[in-house]
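Participant: My structure is below; once you've seen it, I'll send some questions.
The values are calculated or read from the model by the stated rules, or taken from the named source; none is laboratory data. Please read all numbers here as calculations on a predicted model, not as lab measurements. Here the Cβ is made from the backbone with ideal geometry for all residues, glycine too, and neighbour counts use every protein chain on show.
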Amino acid sequence: MAEVRLTDIRKRFGALEIIKGVDLSIEAGEFVVFVGPSGCGKSTLLRMIAGLEDISSGELTIGGTVMNDVDPSKRGIAMVFQSYALYPHMTVRENMGFALKFAGMAKGEVDARVNDAARILELEPLLDRKPKALSGGQRQRVAIGRAIVRNPLVFLFDEPLSNLDAELRVHMRVEIAKLHKELKSTIIYVTHDQVEAMTLADKIVVLRSGVVEQVGAPLKLYDDPSNTFVAGFIGSPR
Ligand code: ADP
Ligand code: MG
């Protein structure tokens, strides 16, 4: 059974159809990357899966349950954004545990989950610092930590590295790959960076103007693109 399944998913803003019938099946443990040019609908698609945007028509299931009208907090997902607003007055530990505490989880369990996430992300020495005493990469790791502690079925990442400089981006790419290996989690990851897509994905979904152009393993798309758009987007660095 697919962990996440999209069936003829559409999104309209007024009269304009932005997502035009997307069918997609994502297996448990798969690292799936959405790529495509700016404005093609990557974020909108992700936000519909997260429940931050209504689905105009079609069906979304996560873990076998139809989620179209389910509250974002009850979908079993955790989302990491490009701009990772941390609470400036809280320590790293408090930032990571806040949502769990807010949801009424016992302190012992919150601490255990934060410690686990901090170990995975190598944030242990930084747990008592405030965000202003962290580097950009460290802050982004805290933002990822906030997602990990929620123990989601599916992680959603929307261009999480695009605010970082090139060197740090490469480093964080390695970190995210490690995270996927260690947690064996299902990840849907949006980027417009072909290299990021090629190195991270088990499966790449190429989008153009709200339509899926091709789905496949990175090398399959590279070697056997189904049209010139995919070839141009995956094949040639730019
Ligand atoms: P991407 O993430 O691939 O760059 P988006 O999903 O952000 O693309 O946007 C896809 C298209 O939908 C764009 O043309 C954008 O202008 C449009 N769009 C996104 N959100 C809204 C909205 N709330 N109202 C109207 N149009 C929107
Ligand atoms: Mg976007």
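Rundown of residues vs (1) crowded, with 20+ Cβ neighbours inside 10 Å; (2) at pLDDT below 95, yes/no style:
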site	(1), (2)
Phe13	no, no
Lys20	no, no
Pro37	no, yes
Ile49	yes, no
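Participant: Something else: Among (1) in contact with a helix residue (DSSP H, G or I) (Cβ under 8 Å, 6 or more places away or on another chain); (2) of a type in the set (Val, Ile, Thr); (3) crowded, with 23+ Cβ neighbours inside 10 Å, where does Thr186 come up short?
Facilitator: Among (1) in contact with a helix residue (DSSP H, G or I) (Cβ under 8 Å, 6 or more places away or on another chain); (2) of a type in the set (Val, Ile, Thr); (3) crowded, with 23+ Cβ neighbours inside 10 Å, the lone unmet condition for Thr186 is (1).
Participant: What helices (runs of 4 or more DSSP H), lying completely within segment 135-238, carry at least 2 residues that are of a type in the set (Asp, Glu)?
Facilitator: 166-183
Participant: Within segment 178-201, which residues are modelled with pLDDT of 95 or more and closer than 18 Å to Ser25 by Cβ? Let's see the steps before the verdict.
Facilitator: First, the residues of segment 178-201 that are modelled with pLDDT of 95 or more: 186-190, 200-201.
Selection gives Thr186, Ile187, Ile188, Tyr189, Val190, Ala201.
Participant: Residues in segment 140-153: is at least one modelled with pLDDT of 90 or more and within 16 Å of ligand 1 (Cβ to nearest atom)?
Facilitator: No, that holds for no residue.
Participant: Could you tell me whether any residue of segment 202-218 is in contact with a helix residue (DSSP H, G or I) (Cβ under 7 Å, 6 or more places away or on another chain), at pLDDT 95 or above, surrounded by 14 or more Cβ atoms within 10 Å (Cβ to Cβ) and among the small types (Gly, Ala, Ser)?
Facilitator: Among the residues of segment 202-218, not one is in contact with a helix residue (DSSP H, G or I) (Cβ under 7 Å, 6 or more places away or on another chain), at pLDDT 95 or above, surrounded by 14 or more Cβ atoms within 10 Å (Cβ to Cβ) and among the small types (Gly, Ala, Ser), which makes the answer no.
Participant: Looking for something more than 16 Å from ligand 1 (Cβ to nearest atom), in a loop (DSSP other than H, G, I, E, B), under 21 Å from Pro160 (Cα atoms) and of a type outside the set (D, E, K, R) - is there at least one such residue anywhere in segment 107-125?
Facilitator: The answer is yes; a qualifying residue exists.
Participant: Can I ask one more? Suppose we filter segment 14-44 for residues that are near ligand 1 (Cβ under 7 Å from one of its atoms) and in contact with a strand residue (DSSP E or B) (Cβ under 6 Å, 6 or more places away or on another chain); how many remain?
Facilitator: Final tally of qualifying residues: 7.
Participant: From the list Gly51, Gly29, pick out the single residue that is touching a His at 6+ places or on another chain (Cβ under 9 Å) and more than 16 Å from ligand 2 (Cβ to nearest atom).
Facilitator: Numbers: Gly51 fails: touching a His at 6+ places or on another chain (Cβ under 9 Å).
Sole residue among the options that is touching a His at 6+ places or on another chain (Cβ under 9 Å) and more than 16 Å from ligand 2 (Cβ to nearest atom): Gly29.
Participant: Which residue is modelled with the lowest pLDDT, if the candidates are limited to segment 95-130 and must be within 22 Å of Val174 (Cα to Cα) and acidic (Asp, Glu)?
Facilitator: Glu122
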